Structures are given as C-alpha cells and as structure tokens.
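Take a look at the structure below.
The values are calculated or read from the model by the stated rules, or taken from the named source; none is laboratory data. Here the structure is a predicted model, which means the values were calculated and not measured. So basically every Cβ, Gly included, is an ideal-geometry build from the backbone, and we count neighbours across all protein chains shown.
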Protein chains: 2
Amino acid sequence: MSNLRDIPAPGGVLYKDVKRHALQALADGEWKPGEAIPSEKKLVERFGVSIGTLRKAIDELVAENLLIRHQGRGTFVATHRRDDHFFRFFKVAHLDGHRGYPTVELESFRKIKADKSVCTLLGLEAGARAFQLTNVLSLDERPVMIDDIVLPERLFAGLTEAQLRGRPNTLYNFYQEAFGVNVIQTEERLRSVLATEREQALLGVEPGAPLMRIHRVAFSYHRQPVEWRVSTLNTEEHEFIVSQMPKEES
Amino acid sequence: MSNLRDIPAPGGVLYKDVKRHALQALADGEWKPGEAIPSEKKLVERFGVSIGTLRKAIDELVAENLLIRHQGRGTFVATHRRDDHFFRFFKVAHLDGHRGYPTVELESFRKIKADKSVCTLLGLEAGARAFQLTNVLSLDERPVMIDDIVLPERLFAGLTEAQLRGRPNTLYNFYQEAFGVNVIQTEERLRSVLATEREQALLGVEPGAPLMRIHRVAFSYHRQPVEWRVSTLNTEEHEFIVSQMPKEES
DNA sequence: TTACATTTGTTCGTATGTATA
DNA sequence: TTATACATACGAACAAATGTA
C-alpha cells in the first residue's frame, strides 16, 4: 500500500484524497456495514497522513451518515437496521405525530424488462432486465402505503420471492446483507393524485380519494442509482414528514 | 469580555461553549445577515481559545448553514437572498425538472387572534394577536400554490400590507431585514386533499382535483417558532422535491 | 502589474481526556 | 487495571484566495 503522498492529489487536497480512498473501501466492500473500520492509528499509517488530516476526511463521511463513530469502541460502517437509519428513509407518521414501524406484506414479485423511462432513471441499458415487486405497508393493522419497486437484475442477481418474504429486517438492510448494495441517499418527488381502482382495493379507500404519489430514486456510493420506487400513500390518517436538520440544536 | 476558560463549561466541552456564544451573537443580532463576523484571529482573542477550537465551533455553524466561509474574504452570516438559500425552502419544481423563481401576489392581509392550535404550534399564549396573510405563487404565469401564513404580532410588530407588497426580495429575506427574524429551519408535514371552492378559484382547478397540503413551522435560533404556514400546491404540472444531501458527492 | 496585508484552508503534530472492553 | 480508540484542545507552518495600495 503506497502513501497517498506519493501520488499528488488531483485537486491538490490531501484529505479529499483520503476521503476518496475511504469511500472506495466502502464501495468495494472492504469495509462492510456493521463492522468497524481500522482504527485512526492504522489508517494514519496506511494513508501516510497526519491524524488531523485523517480525521477531517472521516469527519465528512460521518457527517454524510456513511460512518458512525463510537468513542472508545471504534468507527463503524452505518447499517439500515431498525432504529439506526430507518426513519431517515421512512418518513410516514400518524397525524398525531406518532411514528411506528410498518408491517410489510409482499403483494407481488416478478421479473420484467425495465421500460425506457426507468432505464434512464436507473442508468441501465435499454431493455435491461429487472425485478418488480410490490409491498403493502400497514400501520396499526391498516394498509397505508403501496410500494412499487424496481431493482436492476445486474445488482440483485438471483433475488427470489422467498428471500423477500423471509427477510427479518428492513428492505434496505436486506439489500446490504444479501447483495452488498448500500443505499446512502434518496431523491423524492411528490405529487397528489386520485386513487386508481387498484389503489382503492389495496388501501381500502373510496373512489376519488386523494393519495400522495412519491417517486424515489435510491443511490449507493458514487451516486449509483440502485432502486426505483413509486410509493402511494393514503394521507387520511397519516402524513409525510420533511424536516431539515434532524440533529443538532441551534 | 471574559475568556470562556474563566467559567468552566456546563458540558465541559469548550468548543460547544464557543458555539453557544457565537449562536447568541447571531440571535442577539450582534452579527447580522450578510455581514462578516470578526476574523478567526479576533475571535480567538475574544473567546480566549485556540484557533483549532474556534474553528471546530464555527465549522458546525457552517455545516448548519448559519454561516458561510469565503477564503480570503471572511466568514459571513447567511442570508435568504435569491440564489443563496432560496431553494432550500422553496421545494417546488416543474415536472420536467426545471426550477424557477415564483412570482408572488399578496391576496389578503389582516390581523387576527391566533386560534388555539396555532398558538400551540408557535408557542404563543392563548389568544395572542397575529398577522394572517395569503400569497398566491405563480410559475410560468400560472398560479401554482397558495401560501396561508400566520406571523406572531410580537415578532413582527408594525407589519403592513404595503411593506409586503413592496418587498423586493424573498419573504424570509424580508423577515430578516425588516424584523431581524432569521428563519434557519423548517418542519413540514404533507398530505393529499381535494380542492376546496376557494382553492378551485385561486388555482384554477376543477372540483375534486387532488392538491398537496403542506403544513410548515419555521424556526429561528434556539428553535424558536416564528411562522406558521399552510401551503396548497397544484401538482398537475409541478412536484414537491425532497432530496437528502444537496451538497457533497459520495 | 506588482507587492503586500488580511483572511480562510490545509497539514502537521503533541498532549491530555473520556469511553469501552 | 490496562490497553485501545476516539474526543478535545493546543498551536505552528505554510498555502490559497481576496482586496487594496
């Protein structure tokens, strides 16, 4: 392993180089979710930089929620296990403010050829194969949201319906553990629509009921798109939460 | 001005103390939006801490978008001027992805007694007086969103309709410049609803059209609530954008 | 254009404190 | 108790950007 100093940084900024290498270790799966990365001391040796420079690089990855520091224990790769990052990606709450975990029922699962628009969004070649699955999410025993999800076959090779039904944890945690696919960022676009017949049936709402449609692209490292999702939410008793700065008081 | 070292920090962490004092300088209006705060050298003297400690404190305020650093120029208090933070708070885009500035028309303005629920949300005593105003926002010459806004009279004493009509910049910039009220954070809750008659008229939609209702509380320093807003968005040709991590690539 | 002062950005390293196993 | 790992605090030296004389 050569020192980063040996090759001048492209941007000329050393800590950005360290960050880039750390990011690569994450993307390559050298550092795996839930596991500790090497100690600061070891990373200082590995990268040939000072402790301050290393810290500045790791600081940014921590700020981006990719790593989690624990004083006295080590620095860990973030996971999608319950409580960890779950509510960063599940933004539905009851009108009274209460936020709970949904129960998930797999409604359908099949292989498809991704259509043109989805291929564009996921950066796939035209006609690429993909998995299409539909989950119905319930809160307090009542169906609240439909998730129509498309996953590129290339990234999720061998995915089966049984796996999806048997998964013990969150979907994004399942992506991590079963396929090494790490969702670290999402982009969502929200609209209001009227319920279709299918949605009336699945969510148990009246014809003409207003629903919220959420288009989401989920990204992994290096902004690689890994999931396309259309969620349909019944906001009769629930709402979609958007808040800036979940942590830090000012 | 006494050194921070003279009084042991409550939490025992010096840079948090520095941050707290800096935050107070912002909340007190000692450091005003758009202006430069004292140089690092001066702040080091003022607080009696090392440059590293000072930097760590300021770093957090920069990360929270309260301050903006410019190498060679200084560190400035963030403003709500166009292009600056505007799109952090205006999350509406055209379906084709294009994001533009809306034109705003003041539809109504009056003094009210805030009702109980609004008082709770804004942390006001029961029956507190407030201003109620309604804006209609247009994109590409077409009305797209209605903003129903409530402002506590205590924070916006003397606000007039003429001021609101004459303001050259964004509403939040107007709060800053005219009343020293600095919006730094918002919390929003979104639902889908059917258009009321009033909304049909103002937005030019059909009866039964689905609209998006956005409930927002805006906060200033120390999480003080300063504005209550109910926005109603026509998502026929526009959508509401939610994306994590607007900056930094991973 | 040049030179210079000012201000923030980067990199280095040390010493000590605190949390964990 | 001990070793390990991260957290805080210090500050020096130099680089890069900016504004001005």
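The residues in the range A:100-130 that are under 25 Å from A:Asn234 (Cα atoms) and crowded, with 17+ Cβ neighbours inside 10 Å can be counted, and the count is 4.
Evaluation of A:Thr53 against the conditions (1) touching a Ser or Thr at 6+ places or on another chain (Cβ under 9 Å); (2) polar (S, T, N, Q); (3) surrounded by 17 or more Cβ atoms within 10 Å (Cβ to Cβ) shows that the sole unmet condition is (1). Collect the residues in the range A:47-77 that are touching a residue at least 24 places away in the same chain (Cβ under 8 Å) and within 12 Å of DNA strand C (Cβ to nearest atom), keeping them in residue-number order. Listed by number, the residues that qualify are A:Phe47, A:Gly48, A:Val49, A:Thr53, A:Leu54, A:Lys56, A:Ala57, A:Glu60, A:Arg73, A:Gly74, A:Phe76. A:Gln176 meets all of the listed conditions (1) under 24 Å from B:Val242 (Cα atoms); (2) within 13 Å of another protein chain (Cβ to nearest Cβ); (3) not acidic (Asp, Glu) but one, namely (2). If B:Gly127 passes every condition in (1) free of Cβ contacts under 8 Å to residues at least 60 places away in the same chain; (2) assigned by TED's automatic domain parsing to the domain that holds B:Ala36 but one, which one does it miss? Of everything listed in (1) free of Cβ contacts under 8 Å to residues at least 60 places away in the same chain; (2) assigned by TED's automatic domain parsing to the domain that holds B:Ala36, B:Gly127 misses just condition (2). Only a single item in (1) under 22 Å from A:His98 (Cα atoms); (2) surrounded by fewer than 19 Cβ atoms within 10 Å (Cβ to Cβ); (3) in contact with a helix residue (DSSP H, G or I) (Cβ under 9 Å, 6 or more places away or on another chain) is not met by A:Met245, and it is number (3). Going through (1) modelled with pLDDT of 95 or more; (2) closer than 30 Å to A:Leu133 by Cα; (3) not in a loop (DSSP other than H, G, I, E, B) one by one, A:Glu45 falls short only on (2).
Answer yes if at least one residue in the range B:25-42 is of a type in the set (S, T, N, Q), farther than 23 Å from B:Arg165 by Cβ and in a strand (DSSP E or B), and no otherwise. For the range B:25-42, residues of a type in the set (S, T, N, Q), farther than 23 Å from B:Arg165 by Cβ and in a strand (DSSP E or B): absent. Whether a residue is surrounded by 18 or more Cβ atoms within 10 Å (Cβ to Cβ), within 24 Å of A:Arg88 (Cβ to Cβ), more than 8 Å from chain A (Cβ to nearest Cβ) and at pLDDT 95 or above was assessed, and B:Arg191 does not pass this test. Identify all residues within the range B:41-63 that are among the β-branched types (Val, Ile, Thr), near DNA strand D (Cβ under 9 Å from one of its atoms) and within 14 Å of chain A (Cβ to nearest Cβ); write none if there are none. Those that are among the β-branched types (Val, Ile, Thr), near DNA strand D (Cβ under 9 Å from one of its atoms) and within 14 Å of chain A (Cβ to nearest Cβ): B:Ile51, B:Thr53. A search for C-beta distances below 6 Å between a residue of the range A:175-187 that is assigned by TED's automatic domain parsing to the domain that holds A:Pro225 and in contact (Cβ under 8 Å) with a residue 12 or more places away in the chain and any residue that is assigned to a strand (DSSP E or B) and buried (at least 22 other Cβ atoms within 10 Å of the Cβ), counting only pairs 6+ apart in sequence or on different chains, returns A:Val181/A:Val226; A:Val183/A:Ala218; A:Thr186/A:Ala218.
Out of A:Leu66, A:Leu159, one residue alone is more than 15 Å from DNA strand D (Cβ to nearest atom) and more than 30 Å from A:Pro210 (Cβ to Cβ). It is A:Leu159.
Residues that are more than 16 Å from the chain's Cα centre (by Cα), more than 18 Å from B:Pro33 (Cα to Cα) and not in a loop (DSSP other than H, G, I, E, B) within the range B:64-105 comprise B:Ala93, B:His94, B:Thr103, B:Val104, B:Glu105, listed in sequence order. Of all residues in the range A:195-218, those satisfying the criterion of being within 8 Å of another protein chain (Cβ to nearest Cβ) and crowded, with 18+ Cβ neighbours inside 10 Å are A:Pro210, A:Leu211, A:Met212.
Can you say whether B:Val230 is more than 21 Å from A:His94 (Cα to Cα), part of a strand (DSSP E or B) and away from every other protein chain (no Cβ under 11 Å), as far as the supplied structure shows? For B:Val230, the condition - more than 21 Å from A:His94 (Cα to Cα), part of a strand (DSSP E or B) and away from every other protein chain (no Cβ under 11 Å) - is not met.
Each row is one residue, and each column tells you yes or no for (1) among the charged types (D, E, K, R); (2) in contact with an Asp or Glu (Cβ under 6 Å, 6 or more places away or on another chain); (3) away from DNA strand D (no atom under 16 Å from the Cβ).
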| site | (1), (2), (3) |
| --- | --- |
| B:Thr75 | no, no, no |
| B:Phe90 | no, no, yes |
| B:Asp115 | yes, no, yes |
| B:Arg129 | yes, yes, yes |
| B:Gln132 | no, no, yes |
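Cβ-Cβ distances below 6 Å connect the following pairs, each with a first residue in the range B:23-40 that is more than 14 Å from every other protein chain (Cβ to nearest Cβ), a second residue that is more than 15 Å from DNA strand C (Cβ to nearest atom), and a separation of six or more residues or different chains: B:Gly29/B:Gly180; B:Pro33/B:Thr79; B:Pro33/B:Gln176; B:Gly34/B:Thr79.
So which residues in the range A:234-250 are assigned to a loop (DSSP other than H, G, I, E, B), at pLDDT 90 or above and either more than 14 Å from B:Arg213 (Cβ to Cβ) or more than 7 Å from chain B (Cβ to nearest Cβ) (or both), if there are any at all? It would help to see each step written out before you state the result.
The first filter runs over the range A:234-250 and keeps only residues assigned to a loop (DSSP other than H, G, I, E, B), leaving A:234-237, A:244-250.
Checking which are at pLDDT 90 or above leaves us with A:234-237.
Those that are assigned to a loop (DSSP other than H, G, I, E, B), at pLDDT 90 or above and either more than 14 Å from B:Arg213 (Cβ to Cβ) or more than 7 Å from chain B (Cβ to nearest Cβ) (or both): A:Asn234, A:Glu236, A:Glu237.
Applying the criterion of being charged (D, E, K, R) and in a strand (DSSP E or B) to the residues of the range B:131-174, the residue that is surrounded by the fewest Cβ atoms within 10 Å (Cβ to Cβ) is B:Arg142.
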